[in-house]
1. What residue, of S104, S141, is within 14 Å of the chain's Cα centre (by Cα), closer than 19 Å to V160 by Cβ and among the small types (G, A, S)?
2. Hey, can you tell me all the residues within the range 15-38 that are without any contact (Cβ under 8 Å) to a residue 24 or more places away in the chain, open to solvent by less than 60 Å² (accessible area, probe 1.4 Å), under 17 Å from L73 (Cβ atoms) and not in a strand (DSSP E or B)?
3. What are the residues in the range 135-147 that are within 14 Å of I98 (Cα to Cα) and open to solvent by less than 70 Å² (accessible area, probe 1.4 Å), if any?
4. Which members of the range 122-161 meet the condition of being under 28 Å from P72 (Cα atoms) and either in a strand (DSSP E or B) or touching an Asp or Glu at 6+ places or on another chain (Cβ under 6 Å) (or both)?
5. Counting only residues that are open to solvent by 40 Å² or more (accessible area, probe 1.4 Å) and outside any helix (DSSP H, G or I), which one in the range 61-74 is nearest to E38 (Cα to Cα)?
6. Got at least one residue in the range 49-60 being open to solvent by 40 Å² or more (accessible area, probe 1.4 Å), out of contact with any Ser or Thr (no Cβ under 8 Å at 6 or more places or on another chain) and farther than 20 Å from P137 by Cβ?
7. For the range 75-134: of the residues being among the charged types (D, E, K, R) and at pLDDT 95 or above, which is most open to solvent (accessible area, probe 1.4 Å)?
8. Please go through the range 39-60 and give me each residue that is in a strand (DSSP E or B) and either over 15 Å from the mean Cα position of the chain (by Cα) or over 19 Å from L101 (Cβ atoms) (or both), ordered by number.
Amino acid sequence: SGRIRPSITDCCEWYGIECDSGGSVAALLLSNNGLEGEVAGESIARLTGLKHIDFSKNSLSGSVPHQLATLPLLTHLLLYHNQLTGAIPSSLSSSKSITRLVLSANKLSGTIPPELGSMSSLTHLVLHENSLHGTIPPQLSQAESLTHVYLHNNVLEGSVPASL
């Protein structure tokens, strides 16, 4: 059911893979598949036509790969409900295409990178149910497309910046 048949050599036919009309991998849709281990950031970053990553509801560990910020067309980065640890990479802010950054229900720690405020396409920032601490960066209000921010169930302190 969720297994890749070894006889299929065209990756566009593989379970959880969607390709564009030119045959480039455009989406990795592997939510709720029992995936374990670390996200292979270097390998995934080679898929330059990638627009959508959904690895939610698995058992992935390790950190959020900073290499994913180099994907020029990536709009959705959905890594929620895993076991990811470490800080949110500030390098994600270099992405001008990500609209939905969903990293909730992991074990992420550290502060919310103020650099995320420079993500001009970001509409949804979903970071609830982690162990993020510190204050909510007022720079988030600079993300001009941002309409949804979910930060509950962290260890944040202070008030929500008036600019948000």
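The values are calculated or read from the model by the stated rules, or taken from the named source; none is laboratory data. Since the structure is predicted, the reported quantities are computational estimates derived from the model, not experimental observations. Ideal geometry is used to build each Cβ from the backbone, glycine not excepted, and the neighbour counts take in all protein chains shown. Ligands, DNA and RNA are excluded from the accessible area calculation, which covers all protein heavy atoms including side chains. Shrake-Rupley method; radii C 1.70, N 1.55, O 1.52, S 1.80 Å.
1. Details: S141 fails: within 14 Å of the chain's Cα centre (by Cα).
One residue alone meets the criteria, S104.
2. G23
3. Initially, the range 135-147 is screened for residues within 14 Å of I98 (Cα to Cα), giving 143-147.
Scanning the range 135-147 gives A143, S145, L146.
4. Going through the range 122-161, the residues under 28 Å from P72 (Cα atoms) turn out to be 122-128, 130, 132, 136-151.
Within the range 122-161, H124, L125, V126, L132, H148, V149, Y150 qualify.
5. Here the answer is S61.
6. Let us first name the residues in the range 49-60 that are open to solvent by 40 Å² or more (accessible area, probe 1.4 Å), namely 51-52, 57, 59.
Applying the additional criterion that residues be out of contact with any Ser or Thr (no Cβ under 8 Å at 6 or more places or on another chain) yields 59.
Applying the additional criterion that residues be farther than 20 Å from P137 by Cβ yields 59.
Yes, the range 49-60 has at least one match.
7. First, the residues of the range 75-134 that are among the charged types (D, E, K, R): 96, 100, 107, 115, 129.
Narrowing the set further to residues that are at pLDDT 95 or above leaves 100, 107, 115, 129.
Working: R100: 93, K107: 112, E115: 82, E129: 78 Å².
By that ranking, first place goes to K107.
8. Quick first cut of the range 39-60, residues in a strand (DSSP E or B) only: 52-54, 59-60.
Listed by number, the list holds a single entry, S59.
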